[in-house]
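Peer 1: Can you keep this structure in mind? I'll have questions shortly.
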Amino acid sequence: MSRTKTSLLAALALVSGTSAAALVSAPAGAAAAAPCTVDYKVQNQWDTGFTTAVTITNNGSAKSGWTLKWSYAGNQRVSNGWNAKVSQSGSSVTAANESYNGTLPTGGSASFGFQASYSGSNAVPATFTLDGVTCNVDGGPTDPGPTDPGPTDPGPGGTKAANPYVGAKVYVNPEWSAKAAAEPGGSRISDQPTAVWLDRIAAIGGVNGGMGLRAHLDEALKQKGSGELVVQLVIYDLPGRDCAALASNGELGPNDLDKYKSQYIDPITSILSDAKYAGLRIATVIEPDSLPNLVTNAGGTNTTTDACVTMKSNGNYEKGVSYALDKLGALANVYNYIDAGHHGWLGWDSNLGPSVQEFYKVATTNGASVGDVAGFIVNTANYSPVKEPNFKVTDTVNGQTVRQAKWLDWNQYGDEQSFALGLRDKLVAAGFDSGLGMLIDTSRNGWGGSARPTGPGPMTSVDDYVNGGRIDRRLHAGNWCNQSGAGIGQRPTAAPATGVDAYVWVKPPGESDGNSAAVPNDEGKGFDRMCDPTYGGNARNGNNPTGALPNAPLAGHWFPAQFQQLMQNAYPPLS
């Protein structure tokens, strides 16, 4: 039941280092008598930053773990690293092994890299110590440590807020706002905050005159003023992205994990760690659809796809999400929200239990921890209502539970808020933080207009009761593409309910879910029949018609007819 999302047009990737091999030979010319040698090489350097490859060789006793330290004479600031846990306090830098490269036999080597910013000169550090022993010096003495450790640096932004949305404005994307305002009646919502989608490497830099990540953050500083402001970013470029759909396929192949790390996550992390943005609150939506696809579409059911089986087998969804959580979560002003599908996808016990296990696994492996997770988001780019006011899953009709209705099909939940809070309880019980917050995407789930029911359906049968009263007018809850009859939902709101951090507009209204017919393109996006209004459906939507609007453009492209419909059917209505 995967659904597609959007695309932020962009191009021009930032310079970033590539991961070094875990084990390499000792550097040429290293002194044999030195207890350890360090080869520190600046690989790429530009006006404000650089990437470095470091190789350490242990010539002493075998080690089961290692820590390398050095100090900078200038103002270099490490933003992110790979193949080592790299941290900085003042001028002093510490690099510690990862779980997979801690073993260093006599003569063994390990390599890692990092990205940093600087101004002025960028001198190579003069002294390195490996576990307190000075390297590159014959018989070097134990080093007592840096002479100027500097103040403890908690990272940009200081202590994280319990709920980043409380007491804060939310960033209004001027590019989306301009498109909305240009539509008849669009000025009624053009001042609403929407998320910025980083859906390919090029989106980081900006393309065709469009805004890149830095441009958005600079604009956010202007909007912030003297108060607090949240910037919403969608992190969305996993290898083999959206394995159960075609309209939202991505640029990276199933095995491009290293590219995802070094050319996508690392540059984003580097930009977000710039001290000038430390006063912004950054809410990241982590990889929509990815982990839910591993649970429901990767084996053993009639919804299985070969692509999802591949991504479950190679582990690159899990490794990629863990890496993103680890790197972004280390920044004190970044709040990671993992995508958790929607109630019509994961709302059954048989899906929800395994999903919680999957979420916890990814949040506690490959360097990530539950502390890197601020919360979860549901209904991203989907159409499920926040609340179904006219029925509850505990209702009965003539002694029969309404969960037997064809629409619910034994689902434990009938709407997004009950699903979000039920999921939250299970996540906390599984080991996530008790302060976990949920987000609900309400950009297109209002279902107003003349077709909106005004009360419960007739009590003649469970199907009549549910179908007559449900405000979600889709033909099936598995329909996800450019849905006919949809309307804008609740306006973005902070803390609308206990356990819910915010209602948000992650999917910018008016941006297509996918093309309704095949369209040649250079964005890696295919033609998904779920976006074709003439298609009769498949197992994922109960073999129902798709309910998709005709004449839709590529995912993420502006779709005026859809925008007008969303405004017309908004609930609460637009004034």
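The values are calculated or read from the model by the stated rules, or taken from the named source; none is laboratory data. All of these numbers come straight from a predicted model, not from anything done at the bench. Neighbour counts are summed over all protein chains in view; Cβ atoms, including those assigned to glycine, are modelled from backbone coordinates with ideal geometry. Note: accessible area is taken over every heavy atom of the protein model, side chains too, but ligands, DNA and RNA are not part of it. Shrake-Rupley method; radii C 1.70, N 1.55, O 1.52, S 1.80 Å.
Peer 1: Considering only residues of segment 126-136 that are part of a loop (DSSP other than H, G, I, E, B) and within 16 Å of residue 67 (Cα to Cα), which is nearest to the chain's Cα centre (by Cα)?
Peer 2: Looking at residues that are part of a loop (DSSP other than H, G, I, E, B) and within 16 Å of residue 67 (Cα to Cα), I get 131.
Peer 1: Also: Can you run down the residue pairs with Cβ atoms below 7 Å, 6 or more apart or on separate chains, where the first is in segment 398-410 and of a type in the set (Asp, Glu) and the partner is surrounded by 14 or more Cβ atoms within 10 Å (Cβ to Cβ)?
Peer 2: Filtered contacts from segment 398-410: no entries.
Peer 1: Can you name the residue in segment 531-547 that is at pLDDT 95 or above and open to solvent by less than 10 Å² (accessible area, probe 1.4 Å) and is also farthest from residue 243 (Cα to Cα) among such residues?
Peer 2: Among those that are at pLDDT 95 or above and open to solvent by less than 10 Å² (accessible area, probe 1.4 Å), it is 546.
Peer 1: Select, from 180, 220, 247, the only residue that is assigned to a helix (DSSP H, G or I) and in contact with a helix residue (DSSP H, G or I) (Cβ under 7 Å, 6 or more places away or on another chain).
Peer 2: Exactly one residue qualifies, and that residue is 180.
Peer 1: Is it the case that residue 470 is closer than 28 Å to residue 535 by Cβ and touching a strand residue (DSSP E or B) at 6+ places or on another chain (Cβ under 9 Å)?
Peer 2: So residue 470 fails the test.
Peer 1: Which of the residues that make up segment 415-425 are open to solvent by 40 Å² or more (accessible area, probe 1.4 Å) and over 21 Å from the mean Cα position of the chain (by Cα)?
Peer 2: Passing the criteria: 418, 425.
Peer 1: Of the residues 454, 442, 493, which single one is open to solvent by 10 Å² or more (accessible area, probe 1.4 Å) and touching a strand residue (DSSP E or B) at 6+ places or on another chain (Cβ under 9 Å)?
Peer 2: Numbers: 454 fails: touching a strand residue (DSSP E or B) at 6+ places or on another chain (Cβ under 9 Å); 442 fails: open to solvent by 10 Å² or more (accessible area, probe 1.4 Å).
Only one candidate passes the filter, namely 493.
Peer 1: Turning to a different aspect of this structure: In segment 86-109, which residues are hydrophobic (A, V, I, L, M, F, W, C) and open to solvent by 30 Å² or more (accessible area, probe 1.4 Å)?
Peer 2: Selection gives 86 alone.
Peer 1: Could you list all residues from segment 549-573 that are in a loop (DSSP other than H, G, I, E, B) and farther than 23 Å from residue 245 by Cα? Walk me through it before giving the result.
Peer 2: Start the filter on segment 549-573 by keeping residues that are in a loop (DSSP other than H, G, I, E, B), which leaves 549-557, 559, 569-573.
Listed by number, the residues that qualify are 569, 570, 571, 572, 573.
Peer 1: Restricted to segment 465-484, and to residues that are charged (D, E, K, R) and touching a residue at least 60 places away in the same chain (Cβ under 8 Å), which residue is most open to solvent (accessible area, probe 1.4 Å)?
Peer 2: Out of the qualifying residues, it is 470.
Peer 1: In segment 496-518, how many are farther than 28 Å from residue 250 by Cα and assigned to a loop (DSSP other than H, G, I, E, B)?
Peer 2: Residues that pass the stated criteria total 2.
Peer 1: Additional query: Which condition number in (1) closer than 29 Å to residue 434 by Cβ; (2) open to solvent by less than 50 Å² (accessible area, probe 1.4 Å) is the one that residue 412 fails?
Peer 2: Looking at each condition in turn, residue 412 falls short on (2).
Peer 1: Oh, and also: Looking at residue 424, is it in contact with a strand residue (DSSP E or B) (Cβ under 6 Å, 6 or more places away or on another chain), of a type in the set (D, E, K, R) and modelled with pLDDT of 95 or more?
Peer 2: yes
Peer 1: Still on this model: Out of everything in segment 58-73 that is surrounded by 13 or more Cβ atoms within 10 Å (Cβ to Cβ) and under 16 Å from residue 40 (Cα atoms), what residue ends up being farthest from the chain's Cα centre (by Cα)?
Peer 2: 58
Peer 1: For residues that are buried (at least 19 other Cβ atoms within 10 Å of the Cβ) and β-branched (Val, Ile, Thr), scanning just segment 371-409, find the one that is farthest from residue 353 (Cα to Cα).
Peer 2: 397
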